[in-house]
Each structure stands twice: as C-alpha cells, then as structure tokens.
Amino acid sequence: SGGAPEDGGGDGGDGGGGDGESTDSATDSGSETYTIGMVDSLSGSLSAFGQRNQRGKEIALDDVNAVGVGGGTLEISQQDDQSTSQGGVSAAQTLVNQEGVPLLIGTVGSGVSTAIHESVVQNTDVVQISQNSTSPNLTNFPDLLRMPPAGKAQAEAISSLLSEDGNESAALAWINNDYGQSVGEAFIEAYDGEIVYNEPHDQGQSSYSSTISSMSDTDADAWVFITYQPEFATMSQEAFDLGVTDQAAWYGGDSVKGPKVLESAPEGSLDGMKAVVPSVPQDAENYQAFVSEFEERFGEEPTSWSAYAYDAVIVSALAIEAADEFTGSALMEVVRDVTRPEGEEATTYEEAHEILANGGSPSDVDYTGVSGPIDLDENGDPVGLLQVFEVVDHAYESAGFIEG
Amino acid sequence: MTGPILTVDGVDSGYGEVQVLDDLSLTLGEGEIACLVGPNGAGKSTVLKTVFGMLTPWTGSVRLGDREIGGMAPEDIVRIGVGYVPQTENVFGSLTIDENLRMGGVARDGGLDEVVTELYDRFPILDDKRDANAKTLSGGQRQVLAFARALVMEPDVLLIDEPSAGLAPNTAKEVFDDVETVNELGTSILMVEQNAREGLGISDRGFVLDQGTVKFEGEADSLLDDPEVSRLYLGGESRR
Amino acid sequence: MSTLDVGAYSAREKGVVGLLGALGAFLLLAVVTGFLAPAYLLYLVGLSAMYMLLSMGLNVQWGYGGMINFSVAAFFGLGAYGTALLTASGSPISGGVSPVIALFGGLGLAAVLAVIIGYPTLKLRDDYLAIASLGLAEVVRIFILNESQWTAGSAGLTGIPLFFSDWPILGDLTYPYVFYVGGAPLFYTTQSVVTSLLNVVLVTVIVAAVYLFLRRIHRSPWGRVLRTIRTDEDLAETLGKNTFAFKMQAFVIGSLIMALAGVFYSHLVLFVSPQDLQPITTFYVWVAVILGGTGSDRGAMLGGFTIVAIQQGTRFMTDTGALPIGAAPLRLMLVGLLIIFIVRLRPEGILPPERELIWPDSLGGGRDE
Amino acid sequence: MAQILQYLANGLVFSSIIILGSIGLSLVYSIADFANFAHGDTMTLGAYGAFVAFGVFGGLGGTVLGLPIGFFLALAVGMALAAVVAVLTHVLVYKPLDTDSIGLLITSIGVAFVYRAVLQGTFGTDFLQYDIRRSGPIPLLLDTLDVAVTQRDVAIIVSAAVLVVGLHLLLQRTTLGRKMRATADNPDLARVSGIRTDRVILVMWVVGSALAAAGGVFLALYSQLDPRIGFNILLVVFAAVILGGIGSVYGAMLGGLLIGMLHELTPLLSDVGLPISNAYAPAVAFVIMVAVLLVRPRGIAGDMT
Amino acid sequence: MSEQSLVSDGPILGKDDPVLRAEGLEKRFGGLVATDDASIEVERGTITGLIGPNGAGKSTLFNLVSGFYEPDAGSVSVNGVDVTGRKPHEIADQGMIRTFQTPRKPEGMTVREALLVGPHDQTGESIIPLFTSPSTVEQEERRSLEQAQQMLERFEIGDLATQPATDLSGGQMKLVELARGMMAEPDLLLLDEPVAGVNPVLADKLAGFIEELNEEGITFLIIEHDMNFIMRLADPIIVLNQGSVLVEGPPEAVRSDERVIDAYLGGPSE
Ligand SMILES: Nc1ncnc2c1ncn2[C@@H]1O[C@H](COP(=O)(O)OP(=O)(O)OP(=O)(O)O)[C@@H](O)[C@H]1O
Ligand SMILES: Nc1ncnc2c1ncn2[C@@H]1O[C@H](COP(=O)(O)OP(=O)(O)OP(=O)(O)O)[C@@H](O)[C@H]1O
Ligand SMILES: [Mg+2]
Ligand SMILES: [Mg+2]
C-alpha cells in the first residue's frame, strides 16, 4: 500500500499488492502526495539533454496524475546538476538527505550518475534510476538502475552492421567522456575489421575540422561517430564543407540521430548514414501517442532522450503503486518486476496501473515503454531493442531491428 | 593688473574623509605668477587639484573670473582655458612624446601642428625623442614633457606643480625662463615650487601654505626677505 | 578609508560575526524543528569547509603574493586524484592504500606539480601568469582525461573509501544508517549521520590547523615581503628579497592547501572524475576569495562559506516541486546577480584585511586577532 | 602540400572568428582594465540577436558572398544589440562600482551568468541554426589547389577582414585610438588633457562588443548556436589576447591568428613524427602559448603599441 | 686624493678600498647609447655625488649596477665580488641597496609597514623560524619598529606611521622611499635624487642625517640636482655627461669647472 512518507508504513486498503495485500489506497484517501526526486542537467554542457528530459518528464507526470498513483498524486522535486559531478552530488544531497525522497531519478551524464550513486545513494535506502546514462560502466552498480540500454549493445550492433555492409576498415571518432569512451571501447572490441583511426574529441568545441580532416586522411571504408548531436552536426557540416561526405559510409550511435541534425545538415549530405538507436517498433501505439502528444506540446519530434525520461517517471510511478510502502527498500523490491516480461504486457501507465489496481502483483505487469521493452535485469540495465535507421532522401527511415 | 582671474574662497577639501585644506583662500591676479610654497604635505598639490576639478571642494568656491568652477570636471575646465601640470604621473608612459603632446591638444580647435612644432623648437630635449615612448625618458626629460603638454592648449591660467623637481640646474633655469615667457605672453600662472627661492624669484606674489591654510602671503620679494619665512620654510640658501 | 584600522575589531567585523552567529542559530533551529535534516546540514558544512580550504589556498597566492593563479581546479583535482588513485578499489594503478598515507600522496603530487607549473610561470607577470596557469591546468585536465591507463580517464574513479575506513573504532562506526534512540529512529535520514559527522570533524581539524598556520605566517615579515612583492616586485628585489623564492613558497603552500581540499573532497564524495578539474571550480573559488576580502584569511573562509551558501541557497529558492522550465536559468541569474551585488555593496570584500602585517606580539598587548 | 593548405585554410576561418573576439576583449582589457569574463557571452548574445533578426530579414532577396543580404542585416542587428547591452551593462553595473580590476573581473563573471541565463531562459539550451543553405566547397579551388573552401568560409574571412580594416582605419585616421590608449594609460591625466574619458569608454564598449557580436554570429554560422558557444570559446580568445600582448589591438589580432592556426594545425604534428592525438589540440595550443610567453613575457606585441 | 684640488678628466680609478667598482659599462636602447663606457669607483666611507644633465645616464647607471638592467658591456663588483649579470636581490645581498627616482607606492601597506620591509635578512622572512623561534622574530620586529618610528620622526612624518603608504604627498613619498633604504643599513646606499620635491628646510636636516649615518659607516652614492645639498655633502663628485664620466673631483673644483658649467650648471654658479 502506498503510505505517505510521514507515516512510513502501509495503511491498508483494497486491491492486491505484491504480497496479496492492498496497494491502492485511492478509496480511503485520495489526496496523498508522493514526492520523488529528479536530478537533471538543466544547465551546463549537458543541458540540451536535460531540456529534452524535462519535456518527457512533464508528459509522464501528466499521464500518471491523470490516473493517480497509490491513491494520490505524484510529485517530482527537481534539482539541477549543472552537468558536473559536484553539482550532481549537491543536488542529490538536497533531495535525499534534506527532502528524504526514497526514489531518485538521475541523471544525464554517466559520470555524474556514478558520482551521485557513490556519494549519496549507496548504502542508503534510496532507489536511483538514471534517465539517460548509457555508459557500460554503470552495469557494475546493480542498484543503479537506468532506462537507456548500456551502450555496449549499441556498439556491438554498429560493429555487426559495419561488417554486414562489407566495411573492412573503420575510422572512429568518440566524444571524450564516459559515454564516448566506453561505447567506443566496446565497438573496438566487437569490430573485427581494421580500425585505422581512433581518437576522442572534446565536447563543446567550435570546430572539429581537424578531426574530420584527420579522418579523411585515412582511407577507411566507414566512419563511426560516437558523439552528441551538436558535435555531430558540426562535424557533418564541416565534412560537407570539405567535400568529404561521400568518402566513406557513415555510422553512428543513438546520440547522433535527431531531427535537429537533419535540419542543420545540407540537403542530402547525410543520405546513406546509418544510426543504431534503442527503440520500440515505431508503429507501436504508445510510441505514436507519445510522439503526437509531444509534437502538439512542443512543436517538434521527441528524441529517444525524452522517451527515456518519460519511462523513468512511469516506472517510478508503477513502483510506488506496486510497493508496500513508500521507502527505498520497498520500491527496490518491486521496481524491476514491473518492467519484466513475466507479466502481462502493458504499454501505457494506465494499462499497467489497472493491472496493479486490480490486484495484480508487481510481476504481473510487464511495462513496455515508449523507449523500448525496458525489462530491467539484475544489473539494473534494460534489455533494449535496437532499431537501425538510415537516412534516405534526407529523412530517417527504419531499416530493421536488432535485439539488444 | 585688473581683478583676480582665479579666486579660491574659503575652501575645505581633501581625500575621502580626510580633510586637507581648511578654509583656504587665495587669489591669482590676471597676468600674475604666484608661487605656493610650504612643507611637504602642507596641501599645495591639493590646492591645485581642487582648483582643477580633480577634487571637489567640500565648501567654499573656486572662480575663474566670475565663473564658478568648483566641482567642474577637469576635461571641461581645460576647455575654458585652464591648464594643469600634475606633480606625479604627469606623462602617458605608453605613448610617444609626439602623441603625448598631441593628447595635450585634444581640446584645441585647430593649429595643433603649429603649436607642437613650436614646442619642439623650444624644447630640443623633446625634439630628439619624438617617437620614443615617454616611459623611456629620464626623470628630467619627463618633467619637461609634462610642462610642454600643458602648454599645447595655450591656456589663460596655468597650474604647475613643481616644474623644477628633478631638473638639472641648467634645465631648471630654462624652465623658469619658459614660465616667465609664457607669462609674458599672457598666461597667468599658479605654481607650486619646493625650490622656493627660485620659484618666488620669478613670481609676483607668494603664498606660504602649512597644514592646509595660508600662513603667509604677499609680494614675492617681501616673503623672500622675511626672516621667519626663510627660517621656517625656505631654507638657508638657493638650492641651485 | 582614511587610516588603516589597526585596532580591535571593527564595526564591520562585529556585524559579520553577529550575522554569522545569527545564521548559525537559525540553522540549529532549523535542525531542531526538523526543517533541515542533520545529514544534509553536515554535508553542507563539509562542502563549505572544502571551499574554505580552496579559498584560503588561493588567498595565499593571490591575496598574499598577488599571483593570479587560475589553476585552482588542477591542484584541487590533483589532491583528489592523488588520494583516489592510491585508495580506490577502482584505481587502475594501485588502490587499497590507507587514506592517511594517501593523503601525503595527494599532497606530494600537488607539490611536485606546483613546482613544475610554478617554475616557468611565476616569472610571468599578472595576467600573463593567469592565462599561463589556466592553460597548464587545462593540460593537466586533458592529460587525466586521456591517459586512462593511469587515471581511468573519463570514467572516473569509484570505490574510494571513507577517510576513517581503516581506523580502529571510527572505521567500524561508518555504516549504521539510522540513529535509533530507544528503538525509534532519531532522524529521518537515509545516509549515515555518523559518516558525515566524522567528515565534519576531520575537515574542521584541517581547516583550523590551516587557519592557524596561515595566521602565523601571514602577519609576519614573510607575509610582509609577499605583500611588497604583490604591489611592486622590483621594490622587493632592490631590498634584497629573493622574490622568486618567496613566490614559489607561497605558490606551493597555496597549492598544498588546495590539494588538501581535494583529498578531503575525494573522501567526502567518494567519486572523482576529470570533470572535477573543470575551470568552473577555479572561478568559483576566485569569487569566494574576492567576496570574502582579498588578502584576509578570515575573509577567505567567509568567502568559501558564502559561495556555498549562494550555490546551495539558490537551490532552495527555486525548489518548488513542479518547476517551470526556467528554473535553471533563474538560478543562474540569481547566482550572477548575487555576485554583482556583493561586489557592489562590499567592493573590498566582506572582511577586508585591515591590519598591518606586523608580528602581532611586537606591537604590544591586545592586538591579536 | 594540399594537406597543409587545407589546414591553413581551416585555420584562417577559425582565426577570423577568434580575432573578432579578441579585439574586443583586448580593448576592454586595456581601457577598462579588467579581464572581461562576460565577453564570450557577449558574443553569444550577438549571435542570438542576429538569429532573431534573421528570422525577420532572412527572406530579403539577393546574396553577397554567397550569403543572403538579410544575413548581413541580421549581423548588423546582432552587433547593435550587443553594443547596446554592453553599454547598459557598463552604465548600470561596472561604472558605479568602486573596486579594482579583479573586483571587476569577478563582477563580469556575474554578468556573464546573467546574460547566459537570459538567453537560456528565452531560447532554451538546444542548438539552433541560421537557416542558410550550405553549398559545399568551391569547385574552382577544389580542382586547382585541391583545397576545400566554401563560400561561407570566404564570407567569414572577408567580413572579418573588412571589420578589422575598418577598425584599423578608425584607430589610425581618427584620434580615437590614441585617446583610448591615453585613457588606458592614465585616466586622470587623460581628463586633465581634456579627453572626455567617459565617452571614450562608451565608444570602447560599443566597438568591442559589436566586434565580439560579429565573432559570435560567424561562430554560429560556422558551427551552430547555443547559449554556451561564446563561453566555450572564451579561453581560446583569452589565450589569443594574452599571447598578443595585453592592451595591443594589433597584438590581439596576431594572437588570434596564431591561436586559431595552432588549434587547426595540431594534426600536422603527427605528420612530422610527433604522435600527438587531436584530443591534445587545446593542450598543444596552451603549451605553445606558455612557451611563447616564456620567451616574450609580455606577449608577442609586448612593447609594441 | 684629498690633497688634489684639481678635477680629474674622466673618473678617478684605482681607489684603495672601493665598495662599488663599475668598469666600462655600456647600455644601449635601440640606437640610443644611454651609458657609454662608464667607469666609476665609490670609495668606502665616502659620500660620493653623481651629477649630470637630464638624460645623462645617471639613473641608467644605477639600474646597471643594481642589476635591473643587463649591461651590454662592462662589469660591476660590490665589495670585491663580481656581480655582473646577477639578479638585483643577489646584488643587494652583497651590501648595496638603491632607491628609486620615482618613488614606489606599496599599495595596501601603512607607512611604517613599508619601512619594515627594509631591514635585510630578517629572521621572520623564513617560514620555519616563525614556528621554532618566535621570540627572536618578535625581538627583531620590535627593534625594527622602533627604528622605523624614529626614522619617520626625523623625517617629520612621524604622524603618518599608520597611514596608507599610497595616500601621501609627492614629497612625503620620496621621504618614505629614502627612509626604507636607510632601514636596510647596507654598506653602500645608492640614492636617486633623494630630495627632489622635498622642502628645503627638511632637505637640510636630511643632509645632516646622512652625514651621521655616514659617520656610522654607511657609504653613499647620491644622484642629486640640488646643488646646495650635494655640494654640502659629497666628496668627491662625479659628473656624468652623455653616458660617460666627464670629470671627477672635490665639490668646489667641480663646481667651477668650465665643462661642468657648460654641460650642467648653465651659466655662472651663485
Ligand atoms: N591620494 C591621497 N589620499 C589621501 N591623502 C592624501 C593623498 N594625497 C595626499 N594626501 C595627504 O594630503 C596632505 C596634503 O598633500 P599634498 O599632496 O597636497 O601636499 P603638498 O603640499 O603638495 O606636499 P609635497 O610638497 O610633498 O608635494 C598630505 O598630508 C598627504 O598625506
Ligand atoms: N628603458 C629605456 N629605453 C629607452 N631609453 C631609455 C630607457 N631608460 C633610459 N633611456 C634613455 O637613456 C637616457 C639616460 O636616461 P637616465 O634615466 O639614465 O637619465 P638621468 O641621467 O637619470 O636623467 P635625470 O636626471 O633626468 O633623471 C635618456 O635619454 C633616456 O631617455
Ligand atoms: Mg605636492
Ligand atoms: Mg634619473
């Protein structure tokens, strides 16, 4: 039963919980407020991601509260991590130690998420779900959950795509942070062709022409970009300006795909590029609904980052709904279960909530989100479904799916 | 001599909250050279700074002719015909001699080139170094430059703070001669001089300042002859 | 300012002391009434103390000797990395060393780098030193970022133990999460108050020791020579002072104090990454020193505290739950405006150095700070 | 050979942007006597100003240097906006302050935060772009010299050159340059000489921020626009100013050219047998900068005026 | 030497016990030769005067011997130690201290504090003794403080002791500059126009003070344009012109030397 933090315990009600007891107190008290925390990159170098997160979160919060959670409403207390680990730790300290939230969504940067986990969350009664961190390193912290699949699967997918397409050598440019480094390493490990160029680049530079020039100096069959959208946008423009866009086949990870990238690239310059992106089938109903809602509100297509943030909120809400009490340990017990395939598939919060409200146990639900099947494993990583996109006539087209 | 061209009347002034001038009054007659002498820290430089708008008088008035100039900004005071040679930091170190002189004349309407040429004639020491940065000048050369810079405006009233400090005897003589020449050409001069005997020697009138007030004033010659003034403020003999 | 106030506490200082007292009382009240969680307060105290150390370190360099050092973050980072590389379970080179020994590792690393950076750059003047040190700090950061075989690169270092983890009694105290009094949890808290308390004790001891040390060396002929160098190096040289040696001493001492802050940070936050060496930390420390009052040790401490108050306080001003999109910019703006206003209202800093650098006892009694 | 030419061409474009930024910074540095950390955000401000204006004028027909005329109008608007904001900031923030150069520096960090907060609050943090088509390398140069240079590159270089020459004429043909230097050297004496230092300082802000804005606009044109572009490039601009020698406008230009080039030429190091990764490009630029400073402790143009 | 009443052409070299010996010093600034084969010796125990027209190279000579400029040619030795090319503080360590023609302004220091920097080799200038022997430091400080106060009183600026050293009149700054140099108690003190801008009555008193110090064993080399002052104090007087030594000799003889009158005094001296 979803007790409020104040009374710290289940207060009974009807409906089934994980142990057969009630989880829904909607009937006796309809005004409980469950406050969870969210650390997001609202300023600093990752704030563009943070901003997308905010949009996903807003929609999710509305979706949850339209139905209700634990008989009450969900509230998210939010803090900015300034895209730095120091900022992230302070943000999490405020939420966890001052406000006492039992569940913390956070955060974008893999390094920052790790910092929060190490210094605030570990050994405490708090569940942490990262909305955006993809570094394979996070797999080493089983109690640090996350929404996006580890970059490793992606890297492997890219590498097999490369081989399938008959590329015998590759030039790899990766962004110099935890994400780029670890995905890059995973790619190198997986790829059996020759790596002829393998260099990091710093985030937020105004020019990457030296990177592009160096890549074009190699005779690699394929260029692989493990970087973020603004950086990739700059690179693709510079490549176009240098007239080397056709020199090799281009591949990229999730973070280089986005409407903005296409918008900013000269017409046709990216045609033929392939990007591997964690996703649900595009035609899935819930995803379509999310897209149209998103477009209506913000006037643009969502990226996968917004979808992860959306799902992070939904999964948290489901955990609250399913848990006996509103404490970290109780939430931790159920949070994985609500996402796993044992149960009945639910593609929206409403559906999932219904199952739980009707007495379903946590494992009776298999929430499949707008970002993918989720299915959190014992390491806290989701099992992602990966989708390959190819740029055709200056638009992304799905070119099939790969199991993560 | 007609009425005073410059009148300082009952002025209190100072730095921040520290008062230096205490109800100080003095006048400079048209066409006169007047010399301020007194111990170090008496407030001589402060008088000039107050007249020239570097400091605002706390009370009292400063008048140029009939016009009140107390509290006016220096850049405006220059434009109504007053020139000033500060005691320290009186040249633009990173500008050349030529630029220094031309900066002296930014408020001129025209004829800058002529005046500057004339000044080079008058001070060959500067002519040799037109394009040298002023910070490379020797102490004495700097002093001459500072004096010349103020002359570019051909002011009606010139305030000079210790024109002879650091000058070799021959150069000092030249500068005093120049002060006299400028004066003869119609500029009234209020001068501070530690080389008191020489300074009073070329002056019409003198003021002895001590602790922010005028202790003695009168004809320059009578001050020079006054034994008490001599003993307290002027020292035994001429310093050159 | 007419005369330098060489007497007892000025009205301004009394004001500041009063204000601090009031603030302390307020915080205490907040804890007692449950508005402020003790664990969080202790974290803030730790963070403030860390910034105090950084500010005191920079104050030695800039406030005493006029060296515009823009590599604060690098020395902070070296201290943090030094101890982390030696103690962390995730360290690629060593790990498992006792934090007490690692402390000296961090300091040693910082001292070596201080000499390496200082040697060429301390000959430069003012702003040239600023940019040179900033540049070299970037080099250090880029090195740590890229040489992952030694530093774990951008992934950062995890598994750093608490400082007292291997101490006989204190080490065992570190993991009860909740304090029970008569079976009921005393605090609603999720992280160990004990751990935080130990951190605070540790850092208080460090801050106090550093402060006492600095107070002695500052108001001494040594500090006076540095102050002379600060305004006019040539003057100090003519008087036979080996200005380079003095500057190097101050630079190394300052850097060591910054590294000390880094060591503490490592064991407070238990995670370090190259991000911690971003120049933004340097800017914040500069702001702290200037706001506190350049050249004043107490000012530096107060500045360190102030900067944390600004950073964390603005968190609460905007922390209204359902945040509008503009929350982050709003906070950024608040921080910016606060900085502008403090400089406007207190151009000399909150606690400017008002005393002469003359050995206190030699002026006769009652002159101590 | 073509390789080197290509790097040089890249360097020239990048340098043009840095130069525009560094001139303004250098002016403020010498005349207002502080390191203005809000300068990068002034660049960003100009770029956003032009972005909004381009939305209005973008449709205007005709092209100059391959860019729509509307772009140049927008550029002018961006420059004007930055100038107005800088003047306002001077009047409201810096002028009333009674502090030294470091106090001003710290204040400018606060100012930078405020600028950035406004931009971020208004436009969000995601990146934007001027809606101008890219046309790829100019075929003639590609065929003859095997160097890829776009019309856009040329436009940036030419516009920067025009602005720099314009500034040069302004400084040389009028007494403004001298008045600025006199004011920088000794403000009191400048006033004593009759220079209206208040006005000189205003003009300095106008010129410096307008040029910064131009740099910001070109930077955004070159890559893309987000609230941090100016701040991200600030360190490099500072390096250029210091390398050139503080207070020397021409030194700043030289420093800008050098730093921009160094930044783009790092890949050449591996060609000459120094296997230094591109990741060390900024580090290499900084190390070379420090090395230059050791030889010339007051910058390249150290004692030049 | 003392018997000789005629002035010598060029410098008098080969003195018995020179504290400072500069030989063939040359310094060029671009095309300009500021110092040209200048040699001087300063005999221990004397007050040696250095005069010459503005721009003759006097201050440049000071800068050369004190290590602020690197000579293009020539050598400098202090107390018999060759110090050519050494850093200023190393030369100061040999027992020679100089003052500046344009007084330095130690910001943020009080007048007495500025004076306390003067004494050489203070125990408290090293960090360790601050902790190991604080009492020695304290004693030294007390002594210096007392000395500083006395000095300021002699210079008639005793009441300024706790004023900021930057808020002074032009003449007061010169006095502080002079007093600080004296605090160092060197073997040789180089004074660059110590009384320019100083009130003549006070200048007389200072002359007396310098004589006292000289009797206590400090040697002086003084640049000064104030004839009254330098003629009273100095013997011998060296005249520098266009970068090299024109003549050297006892004051009266120098004063009446044609060449000196031509180049420097300009017309018959009073
Ligand atoms: N900038 C300043 N700030 C504060 N006090 C000052 C400042 N300048 C001078 N004073 C003080 O004001 C008093 C008068 O100084 P002023 O410069 O007018 O003296 P002066 O008569 O010109 O002396 P001198 O002959 O030494 O130049 C002195 O006691 C001095 O200490
Ligand atoms: N740093 C420098 N760069 C260029 N020229 C210089 C420099 N320093 C001095 N000079 C020149 O060298 C000559 C000698 O200058 P110096 O300062 O030694 O003269 P001085 O004898 O001390 O004169 P004064 O009595 O006026 O102080 C002057 O012509 C001066 O302009
Ligand atoms: Mg005076
Ligand atoms: Mg001289």
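Observations on the structure shown:
- Qualifying residue in the range A:121-134 (condition: within 17 Å of A:L46 (Cα to Cα), within 12 Å of chain C (Cβ to nearest Cβ) and either touching a His at 6+ places or on another chain (Cβ under 8 Å) or open to solvent by 10 Å² or more (accessible area, probe 1.4 Å) (or both)): no
- Residue list for the range A:359-404, restricted to those being modelled with pLDDT of 85 or more and acidic (D, E): A:D364, A:D366, A:D375, A:D377, A:E378, A:D381, A:E390, A:D393, A:E397
- Selection of the range B:147-206 for residues being within 16 Å of ligand 4 (Cβ to nearest atom), buried (at least 22 other Cβ atoms within 10 Å of the Cβ) and without any contact (Cβ under 8 Å) to a residue 60 or more places away in the chain yields B:S164, B:G166, B:L167, B:A168, B:T171.
- Among all positions in the range B:83-102, there is no residue which is in contact with a strand residue (DSSP E or B) (Cβ under 6 Å, 6 or more places away or on another chain) and farther than 27 Å from B:I125 by Cα.
- Residues in the range B:104-115 that are at pLDDT 90 or above, within 20 Å of the chain's Cα centre (by Cα) and surrounded by fewer than 22 Cβ atoms within 10 Å (Cβ to Cβ): B:V106, B:V115.
- Of residues in the range B:147-162 being more than 13 Å from ligand 3 (Cβ to nearest atom) and assigned to a strand (DSSP E or B), the one nearest to the other protein chains (Cβ to nearest Cβ): B:L158
- Residue among E:F209, E:F229 that is away from ligand 2 (no atom under 14 Å from the Cβ), over 23 Å from E:D37 (Cβ atoms) and touching a Leu at 6+ places or on another chain (Cβ under 9 Å): E:F229
- Test: residue in the range C:284-304 that is hydroxyl-bearing (S, T, Y), part of a helix (DSSP H, G or I) and on the phi < 0 side of the Ramachandran plot: yes
- Any hit, the range D:51-67, residues being at the interface with another protein chain (Cβ under 8 Å from one of its Cβ atoms) and among the polar types (S, T, N, Q): no
- Hits in the range A:269-278 - residues which are over 17 Å from A:G372 (Cα atoms) and not in a loop (DSSP other than H, G, I, E, B): A:K274
- Filter result for the condition that a residue is open to solvent by less than 10 Å² (accessible area, probe 1.4 Å) and in contact (Cβ under 8 Å) with a residue 60 or more places away in the chain, over E:R98, E:R180: E:R180
- All conditions in (1) surrounded by 21 or more Cβ atoms within 10 Å (Cβ to Cβ); (2) at the interface with another protein chain (Cβ under 8 Å from one of its Cβ atoms) hold for D:T89, with the sole exception of (2).
- Residue within the range A:137-158 that is out of contact with any strand residue (DSSP E or B) (no Cβ under 8 Å at 6 or more places or on another chain), within 14 Å of chain D (Cβ to nearest Cβ) and open to solvent by 20 Å² or more (accessible area, probe 1.4 Å) present: no
- Residue list for the range B:137-146, filter: open to solvent by less than 10 Å² (accessible area, probe 1.4 Å) and within 16 Å of ligand 3 (Cβ to nearest atom): B:A146
- Spans of strands (runs of 3 or more DSSP E) in the range A:189-268 with at least 3 residues free of Cβ contacts under 8 Å to residues at least 24 places away in the same chain, more than 9 Å from chain D (Cβ to nearest Cβ) and farther than 28 Å from A:S133 by Cβ: none
- Unmet criterion (only one of (1) farther than 24 Å from E:E185 by Cα; (2) crowded, with 22+ Cβ neighbours inside 10 Å; (3) more than 13 Å from ligand 4 (Cβ to nearest atom); (4) hydrophobic (A, V, I, L, M, F, W, C)) for E:F29: (2)
- Scanning the range E:64-88 for residues that are out of contact with any Pro (no Cβ under 8 Å at 6 or more places or on another chain), touching a residue at least 12 places away in the same chain (Cβ under 8 Å) and not in a loop (DSSP other than H, G, I, E, B) yields a count of 9.
- Residues of the range D:52-75 that are at pLDDT 85 or above and surrounded by fewer than 18 Cβ atoms within 10 Å (Cβ to Cβ): D:V52, D:G55, D:V56, D:I69, D:L73.
- Just one of the listed residues (A:V256, A:V313, A:V277) is at pLDDT below 85 and under 30 Å from A:G184 (Cα atoms), namely A:V277.
- Pair list, Cβ < 9 Å and 6+ apart or interchain, from the range C:15-27 residues that are closer than 16 Å to C:L41 by Cβ to residues that are of a type in the set (A, V, I, L, M): C:L20/C:L302; C:L23/C:A309; C:L27/C:L36; C:L27/C:L41; C:L27/C:L44
- Residue satisfying all of: in the range B:148-181; acidic (D, E) and more than 16 Å from E:V198 (Cα to Cα); farthest from ligand 1 (Cβ to nearest atom) among these: B:E154
- Considering C:V272, C:V263, the condition of being more than 7 Å from every other protein chain (Cβ to nearest Cβ) and within 12 Å of the chain's Cα centre (by Cα) is satisfied by C:V263 alone.
- When the range B:116-136 is limited to residues that are without any contact (Cβ under 8 Å) to a residue 24 or more places away in the chain and open to solvent by 20 Å² or more (accessible area, probe 1.4 Å), the one that is nearest to ligand 2 (Cβ to nearest atom) turns out to be B:T136.
- Taking the numbered list (1) over 19 Å from C:T231 (Cα atoms); (2) in the same structural domain as E:I230 (by the TED database); (3) within 16 Å of ligand 1 (Cβ to nearest atom) in turn, E:F155 passes all entries but (2).
- Residue match in the range B:14-22 (condition: within 10 Å of ligand 1 (Cβ to nearest atom), assigned to a loop (DSSP other than H, G, I, E, B) and either free of Cβ contacts under 8 Å to residues at least 24 places away in the same chain or open to solvent by less than 40 Å² (accessible area, probe 1.4 Å) (or both)): yes
- Residues in the range E:89-111 that are within 16 Å of the chain's Cα centre (by Cα) and in a loop (DSSP other than H, G, I, E, B): E:Q94, E:G95, E:T99, E:F100, E:Q101, E:T102, E:P103, E:R104.
- Filtered residues of the range C:78-95 (kept if under 21 Å from A:L138 (Cβ atoms) and out of contact with any Gly (no Cβ under 7 Å at 6 or more places or on another chain)): C:A84, C:S91, C:P92, C:G95
- The set of residues in the range B:90-131 being within 14 Å of chain D (Cβ to nearest Cβ) and within 16 Å of ligand 4 (Cβ to nearest atom) consists of B:N90, B:V91, B:G93.
The values are calculated or read from the model by the stated rules, or taken from the named source; none is laboratory data. Keep in mind that this is a model prediction, so the values were computed, not measured. Neighbour counts run over all protein chains shown; Cβ positions are idealised from the backbone, glycine included. Side chains included, ligands, DNA and RNA excluded: accessible areas come from the protein's heavy atoms. Shrake-Rupley method; radii C 1.70, N 1.55, O 1.52, S 1.80 Å.
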